[in-house]
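So the structure is just underneath, and the comments pick up after that.
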Amino acid sequence: MNDHRSAPDRHPSDEAPHIWDDPRNVNRLFHLFYVLCGILVLADFVVHRHALHPMEHLPDFYPLWGFVGITVLVLLARVLRRLVKRPEDYYEDGRDGT
């Protein structure tokens, strides 16, 4: 009988398994990111900053500034996409055949 199941220690492709193929490793990475983000938020209350603008003294100013900046960037990209977008067949020469 010809059994096409792969061995349990083999990856479905011919390549060796990558470290991020295991969902547990991905979850560990996300947990590490969450812990680091929490530490950075707490450090924002402890670390003295040499602020040049009065707004910089507000707690969590930099994360909020970054969030607003990225949101504006995404909205501007949506507008820019409409300006530079081309039809799906833009690069086709219109001829059938080879």
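The values are calculated or read from the model by the stated rules, or taken from the named source; none is laboratory data. The structure presented is a predicted model; accordingly, all values stated were derived computationally and were not measured. Note that we place each Cβ from the backbone using ideal geometry, even for glycine, and neighbour counts take in every protein chain shown.
Pick from region 1-58 the residues that are of a type in the set (A, V, I, L, M) and assigned to a loop (DSSP other than H, G, I, E, B): which of them is modelled with the lowest pLDDT? Once the filter is applied, the top-ranked residue is 1. Return a yes/no flag: does region 55-77 have any residue that is surrounded by 10 or more Cβ atoms within 10 Å (Cβ to Cβ) and acidic (Asp, Glu). Yes: region 55-77 contains one or more residues that are surrounded by 10 or more Cβ atoms within 10 Å (Cβ to Cβ) and acidic (Asp, Glu).
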